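Everything on this sheet refers to the single structure shown next.
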Amino acid sequence: MDIIFIFPMGVLTLFIGSNVILSKYKFYKDWPLFKRGLYTLCISALIFCLFIYILQYISIKLRDDLLIKGLISTALSFILICFCIYTGFEFIKIINENDKKEFELDNLNKKIEHKNSIISKLRSQKHDYLKHLQVVSSLLNTNLPQDAKNYITNIANSFRSKTSRYGKVSYLDAICAAKYEDCLLRGISFDTYIQDFIDNLLIEPNEMSSVLLNIIDNAIDALSSVYKESKYIKLSIYEDEFQYIISIVNNGPMIYDTQRIFLEGNSSKIGENRGYGLYAVKQILDKYGYHIFVDSDEFLTEFTILIPKY
């Protein structure tokens, strides 16, 4: 009765193992799926039958010599166990590689969607530009150059007066667009929640840009150093009654010493000119009396900047 259960399990193990081993060779990959399955199934059945035959032969021939019989049986069983373990690890490795490929494919699809969105916007802008050019051409053809000039001036002024989707802080558009693209290439989700308010800060735009870019780049580097199915960075800017709050959250590795990271030259990365980004952030914020705090655990790391209103 035992052979009824042992035979299919043994053949299945050998079938999986032989597929894992043979899949590394080009000739095997070129075969049709049915041919590969039939070939490995036959080989697996033959090997397992041979293995059972050897065990039975040893059992009959060496039935009086229990020591040698036990040693040979143990050696054969050990070989089979090692093969099963090897097959299991290789199978897990294949599953992990497939997961990574699916993850990379998903990132590529997101990138394509982003590019298609940009192309769609450019086509829409092109359509608008062509309409404006037709109007200008019509005005020039009817000997109305001054009207054409006024029309062009109005268009230029309308583009110039457009503000950022984040209020008057237009550099936030550039930062978010650049970091979204950078994160997309690295398989990181980049989300933003920004209120329409930060338009009266004392800090210079180039300095605020430096602060945000350094923290976001630090988060990107941290996430790029680990393998996770889901990586994300969230930038939130909002306000309460007394202050503006900037929060940058990522699910990268834990920062164990949240005070030391702002020291000059401190960095977990190897190489020259490291450890100055967060140091520069602290120096800029201190200059304006702003505050920065870092909370980090094994799940999330959050940089919080507090900007007093009064």
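The values are calculated or read from the model by the stated rules, or taken from the named source; none is laboratory data. Predicted model, so just to flag it, every value in this text is computed and none were measured. We place every Cβ from the backbone using ideal geometry, glycine too, and count neighbours over all the protein chains shown.
Summary table below
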{"item": "Per-region count, region 198-235, residues modelled with pLDDT of 90 or more, within 20 Å of the chain's Cα centre (by Cα) and outside any loop (DSSP other than H, G, I, E, B)", "result": "15"}
{"item": "Region 93-139 - residue that is within 30 Å of Gly17 (Cα to Cα) and of a type in the set (Lys, Arg) and, of those, modelled with the highest pLDDT", "result": "Lys101"}
{"item": "Ile307 vs. criteria modelled with pLDDT of 90 or more and more than 15 Å from Ala219 (Cα to Cα)", "result": "yes"}
{"item": "Failed condition for Gly187, given (1) modelled with pLDDT of 80 or more; (2) of a type outside the set (Phe, Trp, Tyr); (3) not in a loop (DSSP other than H, G, I, E, B)", "result": "(3)"}
{"item": "Residue in region 79-90 that is part of a helix (DSSP H, G or I), at pLDDT 75 or above and farther than 13 Å from Thr13 by Cβ present", "result": "no"}
